[in-house]
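A short write-up of the structure that comes next.
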Amino acid sequence: QKEVEQDPGPLSVPEGAIVSLNCTYSNSAFQYFMWYRQYSRKGPELLMYTYSSGNKEDGRFTAQVDKSSKYISLFIRDSQPSDSATYLCAMSALYGGSQGNLIFGKGTKLSVKP
Amino acid sequence: DAGITQSPRHKVTETGTPVTLRCHQTENHRYMYWYRQDPGHGLRLIHYSYGVKDTDKGEVSDGYSVSRSKTEDFLLTLESATSSQTSVYFCAISDSSYEQYFGPGTRLTVT
């Protein structure tokens, strides 16, 4: 079993839809959870990060962590064509050091149709 | 791209030749990373550095070496390039190791 599992999609939604992106993980030591957005032929850019369990909101984006289920989610409200990208989840166990290195999911490709 | 540049941006090379990719940062961040990204595998860590002259191996380090003689530069060398090393290579920097910022990538083709 891979440490981090993420459905690769592709996921296609109409403009204005609510998008739900998810990752599951197996390592209960993970404490830091990140979401990256990657446009085609570009480097990943950090969207949001959360520490431990709970929710975090930033504009149209909400990140949710459920450590009891080892499940994280990213919700995008009022999705726009400019949200079309691949979304990568990432997580790490500790702050700094080799165990602080990120483990990435394979990414979910999202397409928002006008 | 958070003050990170990678060079070259594209390279085609032949099997068996050595190749060096350069990552340069202007942020004075302590940690630097090299990843490769391949379809079906996602981002995988090759090597990382936690300070000048301090480096360590990642998940897929075989066939690669790194050096960091200055805070701002992190070099990745393919000692003898193979076709399996055709990939997109990303450099990342961080002050915290979990909040990483990525460069624009180098697309490497080994023929």
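Listing for the model above:
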{"read-out": "Rounded to whole Hz, the Karplus (6.51, -1.76, 1.60) HN-Hα couplings of segment A:65-79, x for glycine and proline", "value": "10, 10, 5, 5, 9, 6, 9, 10, 9, 10, 10, 10, 8, 6, 4"}
{"read-out": "Volume per residue of the C-alpha convex hull in the protein assembly as shown, rounded to whole Å³", "value": "117"}
{"read-out": "Cβ-derived FRET efficiency at R0 35 Å, A:N22 paired with B:T77, nearest 0.05", "value": "0.40"}
{"read-out": "Sequence-distant aspartates and glutamates (8 or more away, or on other chains) whose Cα lies within less than 16 Å of B:K53", "value": "B:E72, B:D73"}
{"read-out": "Förster radius 45 Å - calculated FRET efficiency between A:S111 and B:K53 (Cβ-Cβ, nearest 0.05)", "value": "0.50"}
{"read-out": "Count of lysine pairs in chain A with Cα separation under 16 Å (8 or more residues apart, or interchain)", "value": "5"}
{"read-out": "Inter-probe distance in nm under a simple model that places probes 7 Å from Cα toward Cβ, at A:K56 and A:E3", "value": "1.9"}
{"read-out": "From phi via Karplus (6.51, -1.76, 1.60), per-residue ³J(HN,Hα) for segment B:8-20 in Hz, x at Gly/Pro", "value": "x, 8, 9, 8, 10, 9, 9, 3, x, 8, x, 9, 10"}
{"read-out": "Relative contact order for segment A:1-68, counting Cα pairs under 8 Å that sit 6 or more residues apart, in percent", "value": "22"}
{"read-out": "Number of partner chain Cβ atoms within 10 Å, mean per residue of B:16-22", "value": "0"}
{"read-out": "Between segment B:43-108 and segment B:1-39, the alpha-carbon center distance in angstrom", "value": "7"}
{"read-out": "Relative contact order [Cα under 8 Å, 6+ residues apart], chain A, whole percent", "value": "36"}
{"read-out": "Packing-based exposure ordering (other Cβ within 10 Å, fewest first) of B:D56, B:D62, A:D83", "value": "B:D62, B:D56, A:D83"}
{"read-out": "Amide hydrogen neighbours beyond the local backbone of B:G58, cut-off 5 Å, H modeled", "value": "B:H47, B:Y48"}
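Each value in this text was obtained by applying a stated rule to the coordinates, not by laboratory testing. The structure presented is a predicted model; accordingly, all values stated were derived computationally and were not measured. Every residue, glycine among them, receives a Cβ derived from its backbone with ideal geometry; neighbour counts consider all protein chains shown.
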